[in-house]
Amino acid sequence: MTSESRTSDDFCYRHPQSESFVLCQRCGRTICGSCQVPAAVGVHCPECAGSPPALAKPARVLGGRTRTRTGTSYRPSATYALLGIILAVYAGQFLSGGALTQWMAYWPPLTVLQPWRMVTAIFVHSDTSIFHILFNGYSLYILGTLLERLIGSRRFVTLFLLSGIGGSVAVLWLAPAQAVVGASGAIFGLFGALFVIQRSFGGANIQLVIVLALNLAMGFVVPGISWQAHVGGVVVGAVVAWILVRTRTADKASAQNAQLALVGVGLVVLTVLGVLF
């Protein structure tokens, strides 16, 4: 992960050791997950919400319903599950002598006969460089624990998978002879989603833009990195987050599900068109 400079504005005003990019909608102070109190729009700090700190526990602030957890710490179970799958697959790659890598990697010419590769490639990583899985695993842990708290486990998994598939679709269109592996497309989708969500909360995310731009640029200058998957992932991730932000109230839950399904249908259509043309 590219290092970035940090300022006091990136840490909770009540818990200086807790990094956060979420702002109180009323006073604009940075608040961590333990201090976020759901509001009609975004979140408030305990003081602005008039709630005692003991009641300000991690909450889901995007989606059909907003729920505050009291007396318990939030566990990003979906993030841990995805990390577990990636690690299990990586072990299987070595135990199978590379056979699992060949079966799960995405190669566009095989899209018609083996379309599942567009998904399985997300969970398989290079078996010649451990830095590939270390970078993606660390990024998933950092971004996943933050985003899953904000949007909930189900929506987080949807975001991750759609972004990863978006990366495969971009490879199909932009690099049809290139075989790819890795969760990078999905990871960049998380970057794109975090950018959109922060902007919806009025957050200043210049540092995030710099980190995202540097990582995107690496795909163009470092050999062996699929910049196509990165671009496809970040675009789809931003679109999914935009939908979540616009449909986060309970009365828009059906619209949210329909629009997310439409994104999936759109990716299928682009896949079919990519195969045909």
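How many residues are under 28 Å from LEU262 (Cβ atoms) and not in a helix (DSSP H, G or I) if we restrict to the stretch 192-214? It would help to see each step written out before you state the result.
Of the stretch 192-214, the ones under 28 Å from LEU262 (Cβ atoms) are 192-203, 205, 208-209, 212.
Next, only the ones that are not in a helix (DSSP H, G or I) stay: 201-203, 205.
Going through the stretch 192-214 one residue at a time, the tally reaches 4.
Would you be able to say whether some residue in the stretch 198-208 is within 15 Å of the chain's Cα centre (by Cα) and of a type outside the set (Ser, Thr, Tyr)?
Yes, the stretch 198-208 contains a residue that is within 15 Å of the chain's Cα centre (by Cα) and of a type outside the set (Ser, Thr, Tyr).
Given the options LEU174, LEU159, LEU190, name the one that is more than 23 Å from ILE130 (Cα to Cα) and either of a type in the set (D, E, K, R) or surrounded by 24 or more Cβ atoms within 10 Å (Cβ to Cβ) (or both).
Values: LEU174 fails: either of a type in the set (D, E, K, R) or surrounded by 24 or more Cβ atoms within 10 Å (Cβ to Cβ) (or both); LEU190 fails: more than 23 Å from ILE130 (Cα to Cα).
Residue meeting the stated conditions: LEU159.
Only one of these is modelled with pLDDT of 95 or more, out of contact with any Asp or Glu (no Cβ under 6 Å at 6 or more places or on another chain), surrounded by 15 or more Cβ atoms within 10 Å (Cβ to Cβ) and not basic (Lys, Arg): VAL239, VAL245. Name it.
Of VAL239, VAL245, the one residue that is modelled with pLDDT of 95 or more, out of contact with any Asp or Glu (no Cβ under 6 Å at 6 or more places or on another chain), surrounded by 15 or more Cβ atoms within 10 Å (Cβ to Cβ) and not basic (Lys, Arg) is VAL239.
Any residue in the stretch 121-149 that is free of Cβ contacts under 8 Å to residues at least 40 places away in the same chain sitting within a Cβ distance under 8 Å of a residue that is in a helix (DSSP H, G or I) and hydrophobic (A, V, I, L, M, F, W, C)? List the pairs, counting only those 6 or more apart or interchain.
Close Cβ pairs satisfying both conditions: ASP127/PHE94.
Is it true that ALA217 is farther than 18 Å from TYR106 by Cβ, assigned to a helix (DSSP H, G or I), in the same structural domain as TYR90 (by TED's automatic domain parsing) and under 10 Å from the mean Cα position of the chain (by Cα)? Working first, answer last.
On the way: farther than 18 Å from TYR106 by Cβ: yes; assigned to a helix (DSSP H, G or I): yes; in the same structural domain as TYR90 (by TED's automatic domain parsing): yes; under 10 Å from the mean Cα position of the chain (by Cα): no.
Taking the combined requirement at face value, the residue does not satisfy it.
Given the residues VAL112, VAL124, which is the only one that is hydrophobic (A, V, I, L, M, F, W, C) and either over 15 Å from GLY185 (Cα atoms) or touching a Pro at 6+ places or on another chain (Cβ under 9 Å) (or both)? Reasoning before the result, please.
On the way: VAL124 fails: either over 15 Å from GLY185 (Cα atoms) or touching a Pro at 6+ places or on another chain (Cβ under 9 Å) (or both).
Going through VAL112, VAL124 in turn, the sole match is VAL112.
How many residues does the stretch 118-167 contain that are among the aromatic types (Phe, Trp, Tyr) and under 12 Å from the mean Cα position of the chain (by Cα)? Full working, then the answer.
We begin by selecting, within the stretch 118-167, every residue among the aromatic types (Phe, Trp, Tyr); these are 123, 131, 135, 138, 141, 156, 160.
Subset that is under 12 Å from the mean Cα position of the chain (by Cα): 141, 156, 160.
The qualifying residues number 3.
Only helices (runs of 4 or more DSSP H) wholly contained in the stretch 93-151 count here; list those with 2 or more residues that are assigned by TED's automatic domain parsing to the domain that holds THR271 and loosely packed, with under 13 Cβ neighbours inside 10 Å.
Working: elements: 99-104, 117-120, 130-151.
It comes to 130-151.
The values are calculated or read from the model by the stated rules, or taken from the named source; none is laboratory data. Everything numeric in this text was worked out from a predicted model, so none of it was measured. Cβ coordinates were reconstructed from backbone atoms using ideal geometry, including for glycine residues, and neighbour counts include every protein chain displayed.
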